[in-house]
Amino acid sequence: MLTLGIESSCDETALALVEDGKLLHSVISTQIDIHALFGGVVPEIASREHYRLIGHLYDSLLAKAGIDAEQIDNVAVSRGPGLLGSLLVGVGFAKGLVAGTRKKLIGVNHLHAHLMAAGLEQDIELPALGLLVSGGHTQIFLVRGADDFTELGKTLDDAAGEAFDKVAKMLNMPYPGGKYIDQLGRLATPDKKRFTRPYLDNTNLNFSFSGLKTALSLYIDAHAHLKLPSLNDVDELFNGSRDVTELAELCASFNFTVADTLRVKMQRAVDQRKEEGEFVKSIIVAGGVAANSVIRETMTELASKNKLSLVLPSFSLCTDNASMVAYMGEQLILKGYSHGLDLDAIPRGRKIPQDYLNSLC
């Protein structure tokens, strides 16, 4: 079974081919350099870039794989959540490919695909607790299968990745700035009491990072010398020409606060599943912020403490990609699911319906 995956939910245009659970080829074009000029993703520009690039990338993928379009059995596409204009480009392209053919169309929940992406690299022991950390989402899921996800907790305001990028912007670092905070933080020991871990004085599994972001804003305003004079000065942070001791400690402390907040909520999730008599077998950490080194180390320790398997996708599968979409689509089609040409794109903020057509019913 050969499945084409299409990803266009934000600012990456990506396509990939997966055959029987194995990645064959993938292509991707990122818009980071364009949106960096504005300090964040501009939705209108993102959708226009997807429209400009998707046809060329499709042709490039087929040529790279050495296959004809007729050999593709299924077309899987991210239907949401994401930027509506961007999603519509991918969904429209997918519909065009299957219209008038016998290929199956399957719309994929972008968030679920992130959590299942590591299945391309290793077996995932289910049921699992999935922690999704990205620029737009911070959520905890109970994962029982490719078609069985239960949301246990979510962010009530800013996502963890959004907090990283906004703090980096306050420091005048280029977008996306989370990677610079992570790199600088590795150069110092965190002050674990510098910032209060947010929204822990409760028993739920939700998150709130807006207060932490405000605390960082006030701290940076009071220590304005930590800000870079311009975006172009970011290289000075790593080439030895600037004393980064104080800034590195700030980044390390912020890194720790976010990672430890995630740890507390995930430990709480493990404990709550035990109390309800459902013992999970593994912890999945996925999404763009899953590439953060401190979060990876923290979740490794958490899994070890609880004697659970840890599923960490490789860095290329942490960011938005089409490989995860193709793999997730294939898993759903194997269960008999598909969609018709009335498939809708679902923007962020709206619940994605389980409106599959099921050939096994």
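The values are calculated or read from the model by the stated rules, or taken from the named source; none is laboratory data. Predicted, not measured: the structure shown is a model, and the values here were computed from it. Glycine also receives a Cβ, built like all others from the backbone with ideal geometry; neighbour counts cover every protein chain displayed. Just the protein is used for accessible areas: all its heavy atoms, side chains included, with ligands, DNA and RNA removed. Shrake-Rupley method; radii C 1.70, N 1.55, O 1.52, S 1.80 Å.
Have a look at I295, I346, I333 and point out the one that is within 20 Å of L126 (Cβ to Cβ) and at pLDDT 95 or above.
Only one candidate passes the filter, namely I333.
Any residue at all in the range 149-165 that's over 24 Å from the mean Cα position of the chain (by Cα) and exposed (fewer than 13 other Cβ atoms within 10 Å of the Cβ)?
Within the range 149-165 (the criterion being over 24 Å from the mean Cα position of the chain (by Cα) and exposed (fewer than 13 other Cβ atoms within 10 Å of the Cβ)), the answer is no, since none of the residues qualifies.
With respect to L115, determine if the residue is open to solvent by 30 Å² or more (accessible area, probe 1.4 Å) and in contact with a Gly (Cβ under 7 Å, 6 or more places away or on another chain).
When the stated conditions are applied, L115 does not pass them.
Test of understanding: among S217, S208, which residue is open to solvent by less than 40 Å² (accessible area, probe 1.4 Å), modelled with pLDDT of 95 or more and touching a Leu at 6+ places or on another chain (Cβ under 9 Å)?
S208
L312 versus (1) open to solvent by less than 20 Å² (accessible area, probe 1.4 Å); (2) within 25 Å of C10 (Cβ to Cβ): which is the lone unmet condition?
So L312 meets the others, but not (1).
I'm told G287 meets every condition in (1) of a type outside the set (A, V, I, L, M); (2) on the phi > 0 side of the Ramachandran plot; (3) modelled with pLDDT of 95 or more; (4) within 18 Å of the chain's Cα centre (by Cα) except one. Can you identify the failing condition by its number?
G287 satisfies all of (1) of a type outside the set (A, V, I, L, M); (2) on the phi > 0 side of the Ramachandran plot; (3) modelled with pLDDT of 95 or more; (4) within 18 Å of the chain's Cα centre (by Cα) except (3).
Mind checking which residues of the range 247-280 are of a type in the set (V, I, T) and part of a loop (DSSP other than H, G, I, E, B)?
Within the range 247-280, just V280 meets the criteria.
So R348 clears everything in (1) outside any loop (DSSP other than H, G, I, E, B); (2) more than 13 Å from the chain's Cα centre (by Cα) except one condition, right? Which one?
(1)
F256 - would you say it is assigned by the TED database to the domain that holds E162, among the aromatic types (F, W, Y) and more than 25 Å from G177 (Cα to Cα)?
It is false that F256 is assigned by the TED database to the domain that holds E162, among the aromatic types (F, W, Y) and more than 25 Å from G177 (Cα to Cα).
Which is within 27 Å of L97 (Cβ to Cβ) and open to solvent by less than 30 Å² (accessible area, probe 1.4 Å), of L262, L302, L341, L332?
L332
Do we have A188 as closer than 23 Å to E301 by Cβ and small (G, A, S) here?
yes
Can we say L142 is among the hydrophobic types (A, V, I, L, M, F, W, C) and surrounded by fewer than 21 Cβ atoms within 10 Å (Cβ to Cβ)?
yes
For H35, indicate whether it is crowded, with 18+ Cβ neighbours inside 10 Å and either touching a strand residue (DSSP E or B) at 6+ places or on another chain (Cβ under 8 Å) or over 26 Å from Y175 (Cβ atoms) (or both).
no
May I ask you to verify whether I295 is assigned by the TED database to the domain that holds L142, part of a strand (DSSP E or B) and either open to solvent by less than 40 Å² (accessible area, probe 1.4 Å) or under 13 Å from L142 (Cα atoms) (or both)?
no
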